[in-house]
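Just below is one structure, and these are the notes that go with it.
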Amino acid sequence: MTNQEIHLSLSNLSKSYGSVQAVSNLSLNITRGECLALLGPSGCGKSTILKLIAGLELPNNGQIILAGRDITKSTPETRKLGFVFQNYALFPHLSVGENVAFGLNARGKSKSVISEKVTSALELVQLQGLANRRIHELSGGQQQRVAIARALAIEPELLLLDEPLSNLDVALRTQTGQQLRDLIKRLNISTIFVTHDQADAFALADRIALINEGQLQQTGNAIEIYFHPKNLFVARFIGHSNLLPARLIKATSNGLAEYEISSEFHLFAPNVQNVQSKPEVTLRIRPEAIEITSTKQETSLLAKVLNVRFSGTTIYYYLKAQGVELEAVKLTPQTPLEINFLNECWIKIPPDAITVFS
Ligand code: ADP
Ligand code: MG
């Protein structure tokens with residue numbers, strides 16, 4: 001069951017550094033218990049948004065409301081937020097336990113309360129028994145968990161994580177990410193995490209806010225963003241899409257239109273505009289929706305097989321049809337397709353595999 005109560009509300013937030021507009025008129029709500037990913041390329045303003053929420057930077061404009069309270073100008077300590085920095089920012093000269101106790105000490109808690117809270121925070125991240133270790137005696141994954149324990153120890157209203165997985169090697173990322181999501185969900189703590197990696201956002205977040213150049217591009221869950229990207233930036237960023245310049249020829253039936261990609265390569269896709277207005281469009285074709293067969297079907301097109309890449313569970317096909325390069329992907333079948341050994345195949349692209357951007 002989801003609780004729809006708005007926990008954090010950002011309205012019309014802007015922040016500039018000199019002539020750089022890091023965050024531009026950003027409005028976004030986070031519901032209680034939600035795990036939201038801020039996703040976007042490097043330099044798009046993600047860390048700045050987290051710092052504005054945490055009070056480490058102040059906005060030039062806009063408002064931040066946490067649990068009904070205007071915190072736009074409050075000091076970081078009074079916001080009671082847990083912050084995990086990208087490089088963890090652990091104190092190398094302190095032990096694991098002293099690191100986790102840091103926020104509690106700063107808040108003047110008694111020794112016994114601190115010791116109890118440190119123990120339970122370390123249990124949450126499965127580092128019990130390591131309180132006396134030095135930071136440099138820990139692996140990268142363990143250091144990340146110390147940083148999370150330190151953020152959780154103060155029992156924050158909200159957990160803010162800046163690129164929590166980016167310092168971990170590939171082998172650790174999936175597992176650590178899953179453990180992090182399990183923990184967040186078990187504690188039911190509202191969380192905002194920053195990532196530039198679409199796969200991390202898809203795997204960990206309930207909802208994703210895509211940012212480019214300081215501006216919110218789209219919010220939605222992974223399925224909504226993947227199937228219905230709002231603009232070309234989103235379509236490009238989500239990756240592995242075929243993006244083809246095309247020209248609208250004429251509207252046909254059922255809300256479709258005919259588009260020309262090259263003189264011999266025409267497709268039917270949703271009709272999004274009047275033929276007269278601006279016929280130049282970009283078609284986005286989802287690679288998994290391209291149908292591939294070894295024999296000709298009605299309306300199918302002949303394609304050259306340029307390359308085949310087998311990744312275990314999936315097979316990527318690099319194709320060329322009428323001079324147009326396309327990437328297709330299929331789940332690996334029980335018995336490997338004969339297509340793997342072909343130089344040519346037949347492809348069919350159903351209209352609902354295509355999104356049209358004008
Ligand atoms: P991201 O986290 O998405 O990579 P940032 O929020 O760190 O992006 O940065 C957004 C933009 O603001 C970038 O152009 C960056 O160079 C600039 N910026 C960030 N912090 C500062 C700062 N303290 N002083 C000047 N420019 C900054
Ligand atoms: Mg950043």
Response to the item:
Checking the range 290-324 for trypsin sites (Lys or Arg not before Pro) in a loop per DSSP with at most 13 other beta-carbon atoms within 10 Å yields Lys296
Worksheet item: Given the C-alpha centroids of the range 165-183 and the range 275-299, what is the distance between them in whole angstrom?
Response: 37 Å
Worksheet item: Hull surface divided by four, with the convex hull built on the Cα atoms of the range 40-171: how many nm²?
Response: 9.3 nm²
Worksheet item: For the range 65-157, what % of the accessible area comes from carbon and sulfur atoms, probe 1.4 Å?
Response: 51 percent
Worksheet, complete the sentence: Here FRET efficiency (C-beta to C-beta, Thr75 to Thr314, R₀ 56 Å, nearest 0.05) is 0.65
Item to complete: Of the options Ser263, Phe310, Ile225, report the single residue whose Cα projects farthest towards the positive end of the charge dipole of the chain (beta-carbon charges: Lys, Arg +1; Asp, Glu -1).
Response: Ile225
Fill in: Full-stretch length increase - Gln178, Gln21 - with 0.36 nm per residue and alpha-carbon distance subtracted
53.1 nm
Worksheet item: Ser262 to Lys185: FRET efficiency via 1/(1 + (r/R0)^6), r the Cβ-Cβ distance, R0 51 Å, to the nearest 0.05?
Response: 0.60
Worksheet item: Which residue, Ala203, Ala171, Ala251, tops the fluctuation ranking in a GNM of the chain built on C-alpha contacts under 10 Å?
Response: Ala171
Worksheet entry | Top of Leu26, Leu94, Leu81 by mean-square fluctuation, Gaussian network on the chain, Cα under 10 Å | Leu94
Worksheet entry | Solution diffusion estimate, µm²/s, Stokes-Einstein, the range 182-245, Kirkwood Rh from C-alpha pairs, 20 °C, viscosity 1.002 mPa s | 168 µm²/s
Discussion item. Counting just the Cα atoms, what span does the range 241-339 cover along each of its three principal axes? Round to the nearest Å and put the largest first.
Written reply: 48, 25, 25
Item to complete: Could you check which residue among Ser112, Ser42, Ser27 shows the biggest mean-square fluctuation in a GNM of the chain with a 10 Å Cα cutoff?
Response: Ser112
Fill in: Spatial separation of Cα centroids for the range 186-208 and the range 66-129, in angstrom
21 Å
Item to complete: Using a 1.4 Å probe and ignoring any ligands, DNA or RNA, find the accessible area of Thr293 and quote it in Å² to the nearest 10.
Response: 40 Å²
Practice prompt. Note the angle between two axes, namely the Cα long axis of helix 111-124 and the longest principal axis of the Cα atoms of the chain, as a number of degrees from 0 to 90, rounded to the nearest 10.
Written response: 20 degrees
Discussion item. As an exercise, use a Förster radius of 30 Å and the Cβ-Cβ distance of Leu243 and Thr31 to find the FRET efficiency, rounded to the nearest 0.05.
Written reply: 0.35
Practice prompt. List, in the order given, every pair from Lys46/Lys80; Lys230/Lys296; Lys230/Lys278; Lys46/Lys230; Lys80/Lys185; Lys80/Lys109 whose Cα-Cα distance in the structure shown is over 24 Å.
Written response: Lys230/Lys296
Discussion item. What are the extents of the Cα atoms of the chain along their three principal axes, in Å, largest first?
Written reply: 77, 48, 41
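The values are calculated or read from the model by the stated rules, or taken from the named source; none is laboratory data. Not measured: the values here are computed from a predicted model. Reconstructed Cβ throughout: ideal geometry from the backbone, glycine too, with neighbour counts over all protein chains shown. Accessible surface is based on the protein model in full, side chains and every heavy atom, while ligands, DNA and RNA are left aside. Shrake-Rupley method; radii C 1.70, N 1.55, O 1.52, S 1.80 Å.
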